[in-house]
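Engineer: Supplied in C-alpha coordinates, the structure appears directly below.
The values are calculated or read from the model by the stated rules, or taken from the named source; none is laboratory data. Keep in mind it's a predicted model, so treat the numbers as computed, not measured. Positions of Cβ are generated from backbone atoms using ideal geometry, with glycine treated the same way; all protein chains shown enter the neighbour counts. Calculation scope for accessible area: heavy atoms of the full protein, side chains included, ligands and nucleic acids excluded. Shrake-Rupley method; radii C 1.70, N 1.55, O 1.52, S 1.80 Å.
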Amino acid sequence: MFRTAPGELLRTRFRALTHRNFRLFWSGQLVSLIGTWMQSVAQGWLMHRLTGSAFMLGVLGFAQFLPVMLLALWAGVVADRMDKRRLILTTQVLMLGQTIALASVVSLGVVQPWMVIGLALVFGTVNAFDLPARQSFLIDMVGKEDLPNAIALNSAAFNTARVLGPAVAGVVMAGAGEGVCFWINALTFLAVIAVLLRLDLAPHVAERDPGKSTLATLREGVDYALGNRQIRNLLALLGVTAGLGFQYMVLLPVYARDILHANEKAYGLMVAAFGLGSLLSAVVMTGPQDRWALRRNLLVGLGSAGVGMGVFAWSRALPLTLAMGFLAGFGLILYVASTNTLLQLTTEDRFRGRIMSLYTFMFIGTAPIGALMSGGIAQRWGAPAATSGSALVLLGGALWVSYRLRTLAAREAAGTALPVLPENVGR
(Lines give C-alpha, C1' and ligand atoms only; values in the text may rest on other atoms or scores of the structure.)
Protein backbone atom coordinates (compact mmCIF):
# COMPACT_ATOMS: atom_id res chain seq x y z
CA MET A 1 0.00 0.00 0.00
CA PHE A 2 2.72 2.46 1.00
CA ARG A 3 5.39 1.88 -1.57
CA THR A 4 8.46 4.02 -2.17
CA ALA A 5 9.54 4.48 -5.77
CA PRO A 6 13.09 3.28 -6.48
CA GLY A 7 14.12 6.78 -7.52
CA GLU A 8 12.76 8.29 -4.31
CA LEU A 9 14.49 5.59 -2.23
CA LEU A 10 17.78 6.40 -3.96
CA ARG A 11 17.34 10.13 -3.25
CA THR A 12 16.51 9.64 0.42
CA ARG A 13 17.78 6.44 2.04
CA PHE A 14 20.72 5.85 -0.34
CA ARG A 15 21.31 9.41 -1.52
CA ALA A 16 25.11 9.05 -1.70
CA LEU A 17 24.55 6.64 -4.61
CA THR A 18 23.13 9.50 -6.68
CA HIS A 19 26.75 10.63 -7.11
CA ARG A 20 28.19 8.82 -10.15
CA ASN A 21 31.73 8.57 -8.79
CA PHE A 22 30.60 7.09 -5.49
CA ARG A 23 28.21 4.70 -7.22
CA LEU A 24 31.06 3.33 -9.37
CA PHE A 25 33.48 3.18 -6.45
CA TRP A 26 30.93 1.46 -4.20
CA SER A 27 30.11 -1.25 -6.73
CA GLY A 28 33.75 -2.02 -7.53
CA GLN A 29 34.63 -2.08 -3.86
CA LEU A 30 31.78 -4.50 -3.11
CA VAL A 31 33.15 -7.03 -5.60
CA SER A 32 36.70 -6.64 -4.33
CA LEU A 33 35.70 -6.94 -0.67
CA ILE A 34 33.93 -10.25 -1.30
CA GLY A 35 37.27 -11.62 -2.47
CA THR A 36 39.11 -10.04 0.45
CA TRP A 37 36.80 -11.76 2.95
CA MET A 38 37.24 -15.05 1.13
CA GLN A 39 41.00 -14.66 1.53
CA SER A 40 40.73 -13.69 5.20
CA VAL A 41 38.64 -16.75 6.07
CA ALA A 42 40.79 -19.12 4.00
CA GLN A 43 43.99 -17.70 5.47
CA GLY A 44 42.87 -18.32 9.06
CA TRP A 45 41.72 -21.85 8.23
CA LEU A 46 45.00 -22.55 6.41
CA MET A 47 47.10 -21.44 9.37
CA HIS A 48 45.11 -23.54 11.84
CA ARG A 49 45.31 -26.53 9.50
CA LEU A 50 49.09 -26.13 9.20
CA THR A 51 49.82 -25.58 12.90
CA GLY A 52 46.76 -26.55 14.99
CA SER A 53 47.77 -23.72 17.34
CA ALA A 54 45.54 -20.97 18.74
CA PHE A 55 48.64 -18.93 19.54
CA MET A 56 49.79 -19.07 15.90
CA LEU A 57 46.44 -17.59 14.89
CA GLY A 58 47.27 -14.73 17.25
CA VAL A 59 50.71 -14.40 15.62
CA LEU A 60 49.03 -14.26 12.19
CA GLY A 61 46.75 -11.46 13.38
CA PHE A 62 49.73 -9.69 14.93
CA ALA A 63 51.66 -9.84 11.63
CA GLN A 64 48.72 -8.54 9.61
CA PHE A 65 47.97 -5.60 11.89
CA LEU A 66 51.46 -4.63 13.14
CA PRO A 67 52.26 -2.49 10.06
CA VAL A 68 49.07 -0.52 10.60
CA MET A 69 50.19 0.26 14.15
CA LEU A 70 53.64 1.36 12.94
CA LEU A 71 52.72 3.17 9.73
CA ALA A 72 49.15 4.49 10.10
CA LEU A 73 50.10 7.99 11.24
CA TRP A 74 52.62 8.46 8.44
CA ALA A 75 50.05 7.07 6.01
CA GLY A 76 47.66 9.83 7.07
CA VAL A 77 50.21 12.47 6.10
CA VAL A 78 50.67 10.74 2.73
CA ALA A 79 46.87 10.65 2.23
CA ASP A 80 46.58 14.39 2.89
CA ARG A 81 49.41 15.19 0.45
CA MET A 82 48.81 12.75 -2.42
CA ASP A 83 46.08 12.31 -4.99
CA LYS A 84 43.92 9.81 -3.11
CA ARG A 85 42.76 7.99 -6.22
CA ARG A 86 46.35 7.43 -7.33
CA LEU A 87 47.29 6.24 -3.84
CA ILE A 88 44.39 3.77 -3.72
CA LEU A 89 45.24 2.50 -7.21
CA THR A 90 48.80 1.84 -6.04
CA THR A 91 47.67 -0.05 -2.96
CA GLN A 92 45.24 -2.19 -4.96
CA VAL A 93 47.94 -3.24 -7.43
CA LEU A 94 50.29 -4.14 -4.57
CA MET A 95 47.56 -6.14 -2.82
CA LEU A 96 46.90 -7.98 -6.06
CA GLY A 97 50.57 -9.01 -6.15
CA GLN A 98 50.43 -10.20 -2.54
CA THR A 99 47.35 -12.29 -3.24
CA ILE A 100 48.90 -13.90 -6.32
CA ALA A 101 51.99 -14.83 -4.27
CA LEU A 102 49.84 -16.45 -1.54
CA ALA A 103 47.70 -18.31 -4.08
CA SER A 104 50.81 -19.60 -5.86
CA VAL A 105 52.56 -21.10 -2.82
CA VAL A 106 49.33 -22.80 -1.72
CA SER A 107 48.52 -24.15 -5.20
CA LEU A 108 52.08 -25.44 -5.64
CA GLY A 109 51.88 -27.26 -2.31
CA VAL A 110 54.95 -25.55 -0.83
CA VAL A 111 53.21 -23.30 1.67
CA GLN A 112 54.68 -23.05 5.17
CA PRO A 113 53.42 -21.10 8.20
CA TRP A 114 56.23 -18.55 7.90
CA MET A 115 55.16 -17.80 4.32
CA VAL A 116 51.57 -17.10 5.40
CA ILE A 117 52.82 -14.83 8.19
CA GLY A 118 55.26 -13.03 5.89
CA LEU A 119 52.62 -12.37 3.26
CA ALA A 120 50.19 -11.21 5.96
CA LEU A 121 52.87 -8.71 6.98
CA VAL A 122 53.05 -7.47 3.38
CA PHE A 123 49.25 -7.12 3.22
CA GLY A 124 49.23 -5.18 6.48
CA THR A 125 51.91 -2.80 5.23
CA VAL A 126 49.93 -1.94 2.11
CA ASN A 127 46.67 -1.80 4.06
CA ALA A 128 48.13 0.81 6.41
CA PHE A 129 48.16 3.26 3.49
CA ASP A 130 44.97 2.04 1.84
CA LEU A 131 42.63 2.50 4.80
CA PRO A 132 43.09 6.23 5.62
CA ALA A 133 43.17 7.07 1.91
CA ARG A 134 39.93 5.15 1.31
CA GLN A 135 38.15 6.71 4.30
CA SER A 136 39.18 10.28 3.48
CA PHE A 137 38.41 9.75 -0.25
CA LEU A 138 34.65 9.54 0.37
CA ILE A 139 34.15 13.27 0.82
CA ASP A 140 35.83 13.91 -2.56
CA MET A 141 33.06 11.89 -4.23
CA VAL A 142 29.94 13.00 -2.33
CA GLY A 143 30.68 16.24 -0.44
CA LYS A 144 30.09 16.88 3.25
CA GLU A 145 26.27 16.90 3.12
CA ASP A 146 26.04 13.28 1.94
CA LEU A 147 29.16 12.09 3.79
CA PRO A 148 27.29 10.30 6.66
CA ASN A 149 25.21 8.37 4.12
CA ALA A 150 28.34 7.49 2.14
CA ILE A 151 30.02 6.19 5.31
CA ALA A 152 26.97 4.04 6.09
CA LEU A 153 26.79 2.68 2.54
CA ASN A 154 30.53 2.01 2.57
CA SER A 155 29.99 0.00 5.74
CA ALA A 156 27.04 -1.79 4.11
CA ALA A 157 29.26 -2.85 1.19
CA PHE A 158 31.93 -4.09 3.59
CA ASN A 159 29.44 -6.14 5.55
CA THR A 160 27.56 -7.46 2.54
CA ALA A 161 30.92 -8.85 1.47
CA ARG A 162 31.44 -10.09 5.00
CA VAL A 163 28.30 -12.20 4.64
CA LEU A 164 28.85 -13.46 1.11
CA GLY A 165 32.62 -13.90 1.15
CA PRO A 166 32.91 -16.29 4.13
CA ALA A 167 29.87 -18.32 3.06
CA VAL A 168 31.32 -18.80 -0.44
CA ALA A 169 34.79 -19.44 1.00
CA GLY A 170 33.47 -22.23 3.23
CA VAL A 171 31.96 -24.03 0.25
CA VAL A 172 35.02 -23.45 -1.95
CA MET A 173 37.46 -24.61 0.73
CA ALA A 174 35.45 -27.77 1.38
CA GLY A 175 35.42 -28.63 -2.32
CA ALA A 176 38.65 -27.21 -3.76
CA GLY A 177 40.89 -26.02 -0.93
CA GLU A 178 42.15 -22.65 0.28
CA GLY A 179 44.19 -21.86 -2.83
CA VAL A 180 41.11 -21.35 -5.03
CA CYS A 181 39.81 -18.72 -2.59
CA PHE A 182 43.05 -16.79 -3.00
CA TRP A 183 42.86 -16.96 -6.82
CA ILE A 184 39.25 -15.71 -6.76
CA ASN A 185 40.36 -12.78 -4.59
CA ALA A 186 43.06 -11.93 -7.11
CA LEU A 187 40.43 -11.67 -9.84
CA THR A 188 38.20 -9.38 -7.77
CA PHE A 189 40.95 -6.76 -7.47
CA LEU A 190 40.51 -6.11 -11.19
CA ALA A 191 37.00 -4.75 -10.54
CA VAL A 192 38.06 -2.00 -8.16
CA ILE A 193 41.12 -1.11 -10.28
CA ALA A 194 38.89 -0.73 -13.38
CA VAL A 195 36.43 1.45 -11.46
CA LEU A 196 39.13 3.74 -10.07
CA LEU A 197 40.35 4.39 -13.60
CA ARG A 198 36.81 5.43 -14.67
CA LEU A 199 36.18 8.02 -11.93
CA ASP A 200 35.71 11.60 -13.10
CA LEU A 201 37.32 13.77 -10.42
CA ALA A 202 38.66 17.31 -10.24
CA PRO A 203 42.46 17.59 -10.44
CA HIS A 204 44.14 16.99 -7.10
CA VAL A 205 45.47 20.07 -5.32
CA ALA A 206 47.84 19.18 -2.49
CA GLU A 207 47.65 21.37 0.62
CA ARG A 208 51.29 21.29 1.54
CA ASP A 209 53.57 23.81 3.17
CA PRO A 210 56.93 23.42 1.35
CA GLY A 211 58.77 24.37 4.52
CA LYS A 212 57.00 21.83 6.73
CA SER A 213 58.53 18.38 7.25
CA THR A 214 56.58 15.13 7.30
CA LEU A 215 57.17 14.85 11.06
CA ALA A 216 55.88 18.38 11.63
CA THR A 217 52.81 17.67 9.51
CA LEU A 218 52.17 14.48 11.44
CA ARG A 219 52.59 16.26 14.79
CA GLU A 220 50.17 18.97 13.64
CA GLY A 221 47.48 16.31 13.05
CA VAL A 222 48.10 14.67 16.43
CA ASP A 223 47.99 18.04 18.19
CA TYR A 224 44.72 18.84 16.44
CA ALA A 225 43.19 15.56 17.67
CA LEU A 226 44.48 15.99 21.22
CA GLY A 227 43.28 19.58 21.37
CA ASN A 228 39.73 18.67 20.34
CA ARG A 229 38.01 16.94 23.25
CA GLN A 230 35.31 15.19 21.26
CA ILE A 231 37.81 13.75 18.78
CA ARG A 232 40.14 12.76 21.61
CA ASN A 233 37.40 10.95 23.53
CA LEU A 234 36.12 9.08 20.48
CA LEU A 235 39.62 7.92 19.49
CA ALA A 236 40.61 6.87 23.01
CA LEU A 237 37.48 4.78 23.48
CA LEU A 238 37.95 3.18 20.06
CA GLY A 239 41.57 2.31 20.85
CA VAL A 240 40.65 0.46 24.04
CA THR A 241 37.53 -1.33 22.77
CA ALA A 242 38.91 -2.24 19.34
CA GLY A 243 42.37 -3.21 20.55
CA LEU A 244 41.17 -5.48 23.34
CA GLY A 245 37.55 -6.22 22.49
CA PHE A 246 37.41 -6.89 18.73
CA GLN A 247 39.76 -9.87 18.51
CA TYR A 248 37.17 -12.59 18.03
CA MET A 249 38.10 -13.22 14.36
CA VAL A 250 41.53 -14.71 15.08
CA LEU A 251 39.95 -17.42 17.25
CA LEU A 252 37.01 -18.44 15.06
CA PRO A 253 38.89 -21.42 13.56
CA VAL A 254 39.38 -22.72 17.12
CA TYR A 255 35.64 -22.47 17.83
CA ALA A 256 34.81 -24.20 14.55
CA ARG A 257 37.36 -27.04 14.63
CA ASP A 258 38.10 -27.65 18.32
CA ILE A 259 35.03 -26.53 20.27
CA LEU A 260 32.08 -27.19 17.97
CA HIS A 261 33.95 -29.91 15.99
CA ALA A 262 32.55 -28.47 12.77
CA ASN A 263 33.87 -28.25 9.20
CA GLU A 264 34.85 -25.47 6.81
CA LYS A 265 31.22 -24.71 5.91
CA ALA A 266 30.28 -24.12 9.55
CA TYR A 267 33.34 -21.89 9.94
CA GLY A 268 32.21 -19.83 6.96
CA LEU A 269 28.71 -19.59 8.45
CA MET A 270 30.14 -18.32 11.74
CA VAL A 271 32.01 -15.51 10.01
CA ALA A 272 28.94 -14.77 7.86
CA ALA A 273 26.73 -14.54 10.98
CA PHE A 274 28.88 -11.71 12.32
CA GLY A 275 28.72 -10.15 8.88
CA LEU A 276 24.94 -10.43 8.59
CA GLY A 277 24.47 -8.63 11.90
CA SER A 278 26.94 -5.99 10.76
CA LEU A 279 25.07 -5.57 7.49
CA LEU A 280 21.78 -4.95 9.29
CA SER A 281 23.53 -2.35 11.43
CA ALA A 282 24.99 -0.64 8.36
CA VAL A 283 21.53 -0.47 6.74
CA VAL A 284 20.13 1.10 9.92
CA MET A 285 22.90 3.71 9.70
CA THR A 286 21.77 4.81 6.21
CA GLY A 287 18.77 6.50 7.82
CA PRO A 288 18.87 10.03 9.28
CA GLN A 289 21.09 10.21 12.37
CA ASP A 290 21.17 13.29 14.60
CA ARG A 291 23.89 13.82 17.18
CA TRP A 292 21.97 12.13 19.99
CA ALA A 293 21.13 9.14 17.81
CA LEU A 294 24.82 8.73 16.98
CA ARG A 295 25.77 8.99 20.65
CA ARG A 296 23.15 6.41 21.64
CA ASN A 297 24.49 4.14 18.91
CA LEU A 298 27.82 4.05 20.74
CA LEU A 299 26.08 2.75 23.87
CA VAL A 300 23.75 0.29 22.13
CA GLY A 301 26.53 -0.96 19.89
CA LEU A 302 29.05 -1.67 22.64
CA GLY A 303 26.38 -3.20 24.91
CA SER A 304 25.01 -5.50 22.19
CA ALA A 305 28.49 -6.58 21.10
CA GLY A 306 29.54 -7.31 24.68
CA VAL A 307 26.49 -9.46 25.43
CA GLY A 308 26.72 -11.26 22.08
CA MET A 309 30.38 -12.11 22.45
CA GLY A 310 29.98 -13.15 26.09
CA VAL A 311 27.31 -15.72 25.23
CA PHE A 312 29.11 -16.73 22.02
CA ALA A 313 32.19 -17.62 24.05
CA TRP A 314 30.42 -20.37 26.00
CA SER A 315 27.90 -21.61 23.44
CA ARG A 316 28.24 -25.25 22.39
CA ALA A 317 25.34 -25.29 19.92
CA LEU A 318 25.86 -23.97 16.41
CA PRO A 319 22.45 -22.19 16.15
CA LEU A 320 23.09 -20.25 19.38
CA THR A 321 26.64 -19.51 18.27
CA LEU A 322 25.37 -18.09 14.99
CA ALA A 323 22.67 -16.02 16.73
CA MET A 324 25.17 -14.49 19.17
CA GLY A 325 27.60 -13.84 16.33
CA PHE A 326 24.79 -11.94 14.58
CA LEU A 327 24.12 -9.85 17.71
CA ALA A 328 27.80 -9.12 18.27
CA GLY A 329 28.30 -8.16 14.61
CA PHE A 330 25.31 -5.81 14.75
CA GLY A 331 26.69 -4.06 17.83
CA LEU A 332 30.28 -3.76 16.63
CA ILE A 333 29.42 -2.04 13.36
CA LEU A 334 26.77 0.20 14.94
CA TYR A 335 29.49 1.44 17.28
CA VAL A 336 32.28 1.70 14.70
CA ALA A 337 30.19 3.36 11.96
CA SER A 338 28.80 5.91 14.44
CA THR A 339 32.33 6.69 15.66
CA ASN A 340 33.53 7.15 12.07
CA THR A 341 30.59 9.46 11.26
CA LEU A 342 31.08 11.58 14.37
CA LEU A 343 34.79 11.94 13.65
CA GLN A 344 34.33 12.91 10.01
CA LEU A 345 31.59 15.43 10.78
CA THR A 346 33.79 17.04 13.42
CA THR A 347 37.07 17.15 11.48
CA GLU A 348 38.25 20.04 9.29
CA ASP A 349 38.93 18.97 5.70
CA ARG A 350 42.65 19.78 5.81
CA PHE A 351 43.14 17.32 8.69
CA ARG A 352 40.84 14.60 7.34
CA GLY A 353 43.54 12.19 6.13
CA ARG A 354 45.47 12.45 9.38
CA ILE A 355 42.41 12.04 11.59
CA MET A 356 41.35 9.03 9.53
CA SER A 357 44.85 7.63 10.01
CA LEU A 358 44.40 8.03 13.76
CA TYR A 359 41.02 6.31 13.42
CA THR A 360 42.76 3.49 11.51
CA PHE A 361 45.47 3.32 14.16
CA MET A 362 42.97 3.04 17.00
CA PHE A 363 40.64 0.68 15.14
CA ILE A 364 43.18 -1.65 13.51
CA GLY A 365 46.64 -0.57 14.65
CA THR A 366 45.91 -1.61 18.23
CA ALA A 367 44.89 -5.09 17.05
CA PRO A 368 48.41 -6.67 17.17
CA ILE A 369 48.46 -6.33 20.94
CA GLY A 370 44.93 -7.66 21.27
CA ALA A 371 45.56 -10.51 18.82
CA LEU A 372 48.65 -11.71 20.69
CA MET A 373 46.86 -11.41 24.03
CA SER A 374 43.83 -13.33 22.76
CA GLY A 375 46.01 -16.01 21.21
CA GLY A 376 48.10 -16.35 24.38
CA ILE A 377 45.07 -16.50 26.70
CA ALA A 378 43.35 -19.00 24.40
CA GLN A 379 46.47 -21.19 24.34
CA ARG A 380 46.72 -21.17 28.15
CA TRP A 381 43.11 -21.05 29.36
CA GLY A 382 41.04 -21.70 26.22
CA ALA A 383 39.30 -19.59 23.58
CA PRO A 384 36.15 -19.00 25.70
CA ALA A 385 38.24 -17.27 28.39
CA ALA A 386 39.88 -15.02 25.79
CA THR A 387 36.57 -14.06 24.16
CA SER A 388 34.97 -13.46 27.56
CA GLY A 389 37.74 -10.98 28.34
CA SER A 390 36.97 -9.16 25.10
CA ALA A 391 33.27 -9.07 26.02
CA LEU A 392 34.07 -7.51 29.41
CA VAL A 393 36.10 -4.77 27.71
CA LEU A 394 33.18 -3.94 25.43
CA LEU A 395 30.72 -3.86 28.32
CA GLY A 396 33.11 -1.60 30.24
CA GLY A 397 33.14 0.75 27.26
CA ALA A 398 29.33 0.75 27.25
CA LEU A 399 29.29 1.73 30.93
CA TRP A 400 31.65 4.63 30.23
CA VAL A 401 29.49 5.86 27.34
CA SER A 402 26.39 5.59 29.55
CA TYR A 403 28.08 7.80 32.14
CA ARG A 404 29.06 10.37 29.48
CA LEU A 405 25.52 10.45 28.05
CA ARG A 406 24.04 11.10 31.49
CA THR A 407 26.56 13.90 32.05
CA LEU A 408 25.76 15.52 28.71
CA ALA A 409 22.02 15.21 29.27
CA ALA A 410 22.39 16.91 32.66
CA ARG A 411 24.41 19.73 31.08
CA GLU A 412 21.77 20.28 28.40
CA ALA A 413 19.01 20.27 31.00
CA ALA A 414 20.94 22.89 32.99
CA GLY A 415 21.56 24.96 29.86
CA THR A 416 25.37 24.61 30.08
CA ALA A 417 25.86 22.26 27.12
CA LEU A 418 27.74 23.29 24.00
CA PRO A 419 25.65 24.70 21.15
CA VAL A 420 24.44 22.23 18.55
CA LEU A 421 27.12 22.82 15.93
CA PRO A 422 28.87 20.33 13.63
CA GLU A 423 32.14 20.76 15.53
CA ASN A 424 30.41 19.72 18.76
CA VAL A 425 28.55 16.69 17.38
CA GLY A 426 30.85 14.07 18.88
CA ARG A 427 31.24 15.64 22.27
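Engineer: Between V171 and E348, what FRET efficiency comes out of the Förster formula 1/(1 + (r/R0)^6) with R0 = 51 Å and r the beta carbon distance, rounded to 0.05?
Structural biologist: 0.65
Engineer: Further, regarding this structure: For a label point 7 Å from the Cα of H261 along Cα→C-beta, name the residues of the range 314-332 whose backbone N is under 20 Å from it.
Structural biologist: 314-322
Engineer: With the Cα gyration tensor of the range 317-409 giving a ≥ b ≥ c as the square roots of its eigenvalues, does the rule (a/c under 1.5 for rounded; else a/b larger than b/c for prolate; else oblate) give rounded, prolate or oblate?
Structural biologist: prolate
Engineer: Can you send over the carbon and sulfur percentage of the accessible area for the chain, probe radius 1.4 Å, protein chains only?
Structural biologist: 67
Engineer: I've got another one for you. Find which of T51, G143, A167 sits farthest along the positive direction of the dipole of the chain, computed with +1 on the beta-carbon of Lys and Arg, -1 on that of Asp and Glu, about the Cα centre.
Structural biologist: G143
Engineer: Now a separate question. Have a look at V222, V41, V240 and tell me which one the Gaussian network model of the chain (Cα, springs below 10 Å) gives the largest fluctuation.
Structural biologist: Evaluated over the chain, the most mobile residue of the options is V222.
Engineer: With runs of 4+ DSSP H residues as the only contributors, calculate the mean residue ellipticity of the chain at 222 nm using -39,500 (n - 2.57) per run, divided by the residue total and rounded to the nearest 500.
Structural biologist: Roughly -27500 deg cm²/dmol at 222 nm, from the helical runs in the chain.
Engineer: Moving on. Counting alpha carbon pairs within less than 8 Å and at least 6 residues apart, what relative contact order, in whole percent, applies to the chain?
Structural biologist: Dividing the mean separation by the residue count of the chain yields 27 percent.
Engineer: Quick one: what are the phi-derived ³J(HN,Hα) couplings along the range 396-411, Karplus 6.51/-1.76/1.60 with θ = phi - 60°, whole Hz, x for glycine and proline?
Structural biologist: 3J(HN,Hα) across the range 396-411, in whole Hz: x, x, 5, 5, 5, 4, 4, 4, 5, 5, 5, 5, 5, 4, 5, 5.
Engineer: Once the principal axes of the Cα atoms of the chain are found, what is the range along each, listed largest first in whole angstroms?
Structural biologist: On the principal axes, the chain reaches 60, 57, 47 Å in Cα extent.
Engineer: Classify the range 280-361 as rounded, prolate or oblate, taking a ≥ b ≥ c as the square roots of the eigenvalues of its Cα gyration tensor: rounded when a/c is under 1.5, otherwise prolate if a/b is larger than b/c and oblate if not.
Structural biologist: Here the range 280-361 falls in the prolate category.
Engineer: Now, a different point. Please list Y248, Y224 in order of solvent-accessible area, largest first, computed with a 1.4 Å probe with all protein chains present.
Structural biologist: Y224, Y248
Engineer: What whole number of Å gives the distance from the Cα centroid of the range 262-322 to the Cα centroid of the range 69-91?
Structural biologist: Here the answer is 30 Å between Cα centres.
Engineer: A follow-up question, please. Of all alpha-carbon pairs in the range 95-142, indicate the percentage at a distance above 12 angstrom.
Structural biologist: So the pairs more than 12 Å apart make up 67 percent of the total in the range 95-142.
Engineer: What whole-number value in Å² describes the accessible area per residue of the chain for a 1.4 Å probe?
Structural biologist: Result: 40 Å² of accessible area for each residue.
Engineer: Classify the range 51-207 from the C-alpha gyration tensor, please: rounded if a/c falls under 1.5, else prolate or oblate depending on whether a/b exceeds b/c.
Structural biologist: Because a/c hits 1.5 or more and a/b exceeds b/c, the range 51-207 counts as prolate.
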